[in-house]
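Worksheet for the structure shown next.
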């Protein structure tokens, strides 16, 4: 029997989350769990199935490790079949854990990164099944990076 499709959509608050919300129509028909760093986003975007992860960045290694541990247990509990993230570090942590547990993963680097990929976006190459940018010219600088259009 085929496993029920379950999407986990992850992004840090701010522009990352706004871009993720613009992808919302693509998740219709799937059970979707939204994950971010600000619990207030659940009511702001009228999201019923919402989880919170702490925020972190690549400069704070101990906090990043904590986010990775929390992400692992979240993915273990929710068991998504697919994960999409528009960044940043918490999105990368969820993608890495979900890939380890067999989910299909998509990274869409933020449109704010027009000159180079974000730190998490550059590392996402190693954990994402589909590694995407919103700037076509960046595909020439990063082998394997794909451009499929812009979210914004």
Item checked: Test set (1) out of contact with any strand residue (DSSP E or B) (no Cβ under 6 Å at 6 or more places or on another chain); (2) free of Cβ contacts under 8 Å to residues at least 60 places away in the same chain; (3) surrounded by 13 or more Cβ atoms within 10 Å (Cβ to Cβ) - residue 23 fails condition number -> (2)
Notebook entry, point to check: So is residue 43 at pLDDT 95 or above and buried (at least 18 other Cβ atoms within 10 Å of the Cβ) or not?
Noted result: no
Margin query: All but one of (1) modelled with pLDDT under 95; (2) farther than 21 Å from residue 24 by Cα; (3) surrounded by fewer than 20 Cβ atoms within 10 Å (Cβ to Cβ) hold for residue 151; state the number of the condition that does not hold.
Written below: (2)
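Restricting to the range 115-136, give me the number of residues that are part of a helix (DSSP H, G or I) and without any contact (Cβ under 8 Å) to a residue 40 or more places away in the chain.
In the first step, residues of the range 115-136 are kept if they are part of a helix (DSSP H, G or I); the result is 119-124, 136.
Then drop every residue that is not without any contact (Cβ under 8 Å) to a residue 40 or more places away in the chain, which leaves 121-124, 136.
Summing the residues that are part of a helix (DSSP H, G or I) and without any contact (Cβ under 8 Å) to a residue 40 or more places away in the chain in the range 115-136 gives 5.
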Next item on the list: Filter the range 52-65 for residues that are out of contact with any helix residue (DSSP H, G or I) (no Cβ under 6 Å at 6 or more places or on another chain) and closer than 13 Å to residue 13 by Cα and give the result.
Entry: 52, 55
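Of all residues in the range 58-95, which are assigned to a loop (DSSP other than H, G, I, E, B) and either crowded, with 16+ Cβ neighbours inside 10 Å or touching a residue at least 40 places away in the same chain (Cβ under 8 Å) (or both)?
Looking only at the range 58-95, we keep the residues that are assigned to a loop (DSSP other than H, G, I, E, B), and these are 58-60, 79-81, 88.
Those that are assigned to a loop (DSSP other than H, G, I, E, B) and either crowded, with 16+ Cβ neighbours inside 10 Å or touching a residue at least 40 places away in the same chain (Cβ under 8 Å) (or both): 58, 79, 80, 81, 88.
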Margin query: For the range 96-114, give me each residue that is part of a loop (DSSP other than H, G, I, E, B), at pLDDT 95 or above and within 22 Å of residue 59 (Cα to Cα).
Written below: 109
Next item on the list: Would you point out the residue of the range 1-15, among those that are in contact (Cβ under 8 Å) with a residue 60 or more places away in the chain and within 12 Å of the chain's Cα centre (by Cα), that is surrounded by the most Cβ atoms within 10 Å (Cβ to Cβ)?
Entry: 10
Note to self: If I ask for residues that are under 20 Å from residue 104 (Cβ atoms) and either in a loop (DSSP other than H, G, I, E, B) or without any contact (Cβ under 8 Å) to a residue 12 or more places away in the chain (or both), which ones from the range 137-152 would you list?
What the structure shows: 144, 145, 148, 149, 151
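Tell me which residues, restricted to the range 26-38, are out of contact with any strand residue (DSSP E or B) (no Cβ under 8 Å at 6 or more places or on another chain) and either surrounded by 23 or more Cβ atoms within 10 Å (Cβ to Cβ) or at positive phi (or both). Spell out how you get there, then give the answer.
Let us first name the residues in the range 26-38 that are out of contact with any strand residue (DSSP E or B) (no Cβ under 8 Å at 6 or more places or on another chain), namely 26, 28-29.
Once the filter is applied, which keeps residues that are out of contact with any strand residue (DSSP E or B) (no Cβ under 8 Å at 6 or more places or on another chain) and either surrounded by 23 or more Cβ atoms within 10 Å (Cβ to Cβ) or at positive phi (or both), the range 26-38 yields only 29.
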Margin query: Restricting to the range 9-28, name every residue that is touching a helix residue (DSSP H, G or I) at 6+ places or on another chain (Cβ under 6 Å) and within 18 Å of residue 81 (Cβ to Cβ).
Written below: 9, 10
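The values are calculated or read from the model by the stated rules, or taken from the named source; none is laboratory data. Just so it is clear, the model here is predicted, and its values are computed rather than measured. Note that we place each Cβ from the backbone using ideal geometry, even for glycine, and neighbour counts take in every protein chain shown.
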